[in-house]
Amino acid sequence: MTRTQLKAATAAILATSVTLAGCGGGPPAAAPRGSGPVTITWWSWDELKYLDPVVAKFNATHDRIKLKVVKQADNPGTAANLRNVVAAGQDVPCLVKNFGEVPGLAGEGLLTDVTEAFEPYTAKGLYNAASYAGAQAGGRYYGVPSGFGPSFMMINRAVYDKHGIAPPRTWDELVAAGKQLKKHGVYVMNLAGEDPSTLVNLVQQAGGSWYRAEGDTWKVDFLSPESLKAAQVVQQLVDNDLAANQTYQDRPALISYFDSGKMVSLPTSTWQLANYELNYKKSLGDWQPVDLPQFADAAQFVTPAHGGAILVPKGCAHVKEAVEAGVWMATSKDAVDASYQQDTKQYSWPGAVPDPSPWIDSAVPEKLFGARRGEAEQVILKAVKAGRDPWTVGPNYTGVFAELQDQWARIVTKKITVRQALEHLQKFTVDDLKAKNINVQG
């Protein structure tokens with residue numbers, strides 16, 4: 001895509017947020033129906049043992065629409081294949097597992113505006129309100145919201161208790177706990193040098209976003225009060241040597257380290273718990289699920305909840321039916337129940353629904369939390385209800401995130417401060433958008 005095309009695509013996305021729905025680019029008209037049902041092709045790289053039961057249940061309960069899954073190799077392969085078929089205008093699937101941020105993919109011209117087809121479902125109480133933003137760009141929907149994983153923390157309570165330290169309720173208390181644990185050779189958290197997600201999540205929890213769309217202009221602010229509040233937490237962890245820097249690239253070594261008792265607080269979500277139970281040897285039963293620490297001045301309990309979407313590509317011939325199938329997969333009890341795996345005794349996490357309580361018990365392993373296992377349901381439900389998604393993704397976020405990773409590696413090794421990194425990213429992002437001929441203020 002040329003700079004001129006990118007500017008035009010981005011402006012088109014932004015303009016839809018301030019124009020009448022009838023003037024926006026609505027979905028293409030569905031192809032005429034024959035005598036048989038409409039077939040919706042669904043691309044995903046998940047294992048077929050997870051996909052096939054869901055497809056079978058849908059097809060058994062729907063007459064007008066049928067699902068057909070086409071297995072993809074992986075995330076990058078899906079992205080490449082979709083770009084090829086959209087460019088060719090042939091064999092375009094109608095549903096695709098999310099492989100990137102919706103605003104960037106929409107700006108690239110890969111997605112269909114499905115707002116008119118999806119908005120009727122927003123009035124039916126099917127979705128957690130925090131789920132919607134992840135499927136939007138410029139206030140328009142370009143896919144079906146697929147939801148988010150609840151954010152909470154698990155702590156090695158045995159180590160906390162050994163040193164007489166209370167579980168942290170705020171980020172200030174976590175820093176204070178870290179200073180006490182440091183005296184005993186224990187780190188309070190882990191900040192991997194290649195993974196800046198801690199900073200990103202803290203900005204979201206504070207209610208911030210580095211991008212805002214206003215009319216046909218992107219406003220960029222890496223130095224907002226919310227961003228600096230998040231930066232202060234990270235800076236204290238780094239300055240006081242309270243966090244380990246174990247890489248995620250050697251997963252077995254990382255899990256072994258978490259299991260060792262030398263690092264005792266893990267921000268986490270439901271999808272990670274089974275892996276910890278499977279691989280922990282020394283600390284099974286020592287961990288406790290606790291609420292995600294809050295900012296001390298927070299007016300209400302909040303967890304970051306930036307979700308995703310089941311994408312509807314440009315060229316889908318059956319937009320209305322695709323949306324109906326996507327909503328069913330994301331929100332229906334039948335779909336979640338069909339995802340149950342006998343070997344793991346777990347369901348796919350229903351991250352889009354307002355009340356996931358029927359499926360929480362299966363998401364919590366038997367041994368990881370020991371006698372505290374029963375506390376997990378309340379912690380998880382509280383995290384779901386407190387989920388907020390203020391995060392807006394700009395059209396150059398992929399490149400900005402790569403730059404953020406480079407800056408983050410320098411932060412955790414004390415070569416620069418978090419504020420210096422944010423100042424650099426402010427200039428980098430604005431300059432990059434200007435180079436792409438995209439309207440920007442910042």
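The values are calculated or read from the model by the stated rules, or taken from the named source; none is laboratory data. In this text the structure is predicted, and so the values were computed from the model without any measurement. We place every Cβ from the backbone using ideal geometry, glycine too, and count neighbours over all the protein chains shown.
Observations on the structure shown:
- Positions within the range 269-299 being among the polar types (S, T, N, Q), buried (at least 19 other Cβ atoms within 10 Å of the Cβ) and closer than 22 Å to ASP195 by Cα, in sequence order: THR270, GLN294
- Test for ALA383: is it under 20 Å from the mean Cα position of the chain (by Cα) and not assigned by TED's automatic domain parsing to the domain that holds LEU67: yes
- If you go through the range 53-68 and pick out every residue that is surrounded by fewer than 19 Cβ atoms within 10 Å (Cβ to Cβ), in contact with a Leu (Cβ under 7 Å, 6 or more places away or on another chain) and touching a residue at least 60 places away in the same chain (Cβ under 8 Å), you end up with 0.
- Scanning the range 387-406 for residues that are β-branched (Val, Ile, Thr) and modelled with pLDDT under 95 turns up THR392, VAL393, THR398.
- Hits in the range 350-361 (condition: free of Cβ contacts under 8 Å to residues at least 60 places away in the same chain and surrounded by fewer than 17 Cβ atoms within 10 Å (Cβ to Cβ)): ASP355, SER357, PRO358, ASP361
Results for (1) touching a residue at least 40 places away in the same chain (Cβ under 8 Å); (2) touching an Asp or Glu at 6+ places or on another chain (Cβ under 9 Å); (3) closer than 19 Å to LYS382 by Cβ, shown as yes or no for each residue.
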residue: SER131; (1), (2), (3): yes, yes, yes
residue: GLY143; (1), (2), (3): yes, no, no
residue: GLU173; (1), (2), (3): yes, no, yes
residue: ALA176; (1), (2), (3): no, no, no
residue: GLY185; (1), (2), (3): yes, no, no
residue: ALA192; (1), (2), (3): yes, no, no
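- For the range 307-328, the criterion of a residue being out of contact with any helix residue (DSSP H, G or I) (no Cβ under 9 Å at 6 or more places or on another chain), surrounded by fewer than 20 Cβ atoms within 10 Å (Cβ to Cβ), modelled with pLDDT of 95 or more and farther than 21 Å from LEU381 by Cα is satisfied by at least one position.
- Inspection of the range 390-412 identifies at least one residue that is in contact with a strand residue (DSSP E or B) (Cβ under 7 Å, 6 or more places away or on another chain) and either surrounded by fewer than 18 Cβ atoms within 10 Å (Cβ to Cβ) or within 28 Å of ASP291 (Cα to Cα) (or both).
- Taken over the range 133-153, the residue count meeting the criterion of being within 30 Å of LYS282 (Cα to Cα) and either aromatic (Phe, Trp, Tyr) or over 19 Å from the mean Cα position of the chain (by Cα) (or both) is 1.
- Scanning the range 37-91 for residues that are touching a helix residue (DSSP H, G or I) at 6+ places or on another chain (Cβ under 9 Å) and charged (D, E, K, R) turns up LYS57, ARG64, LYS66, LYS68, LYS71, ASP91.
- Qualifying residue in the range 430-439 (condition: crowded, with 22+ Cβ neighbours inside 10 Å and in a helix (DSSP H, G or I)): yes
- Checking TYR347 against (1) closer than 16 Å to GLN272 by Cα; (2) surrounded by 18 or more Cβ atoms within 10 Å (Cβ to Cβ); (3) in the same structural domain as ASP216 (by TED's automatic domain parsing); (4) not basic (Lys, Arg), the condition it does not meet: (3)
- Number of the condition not met by ASP337 [criteria: (1) outside the structural domain of SER224 (by TED's automatic domain parsing); (2) modelled with pLDDT of 95 or more; (3) touching a Ser or Thr at 6+ places or on another chain (Cβ under 8 Å)]: (3)
- Within the range 359-411, the residues that satisfy the criterion of being among the basic types (Lys, Arg) and within 23 Å of SER197 (Cβ to Cβ) are LYS382, LYS385, ARG388, ARG410.
- Qualifying residue in the range 165-173 (condition: on the phi < 0 side of the Ramachandran plot, in a helix (DSSP H, G or I) and surrounded by fewer than 20 Cβ atoms within 10 Å (Cβ to Cβ)): yes
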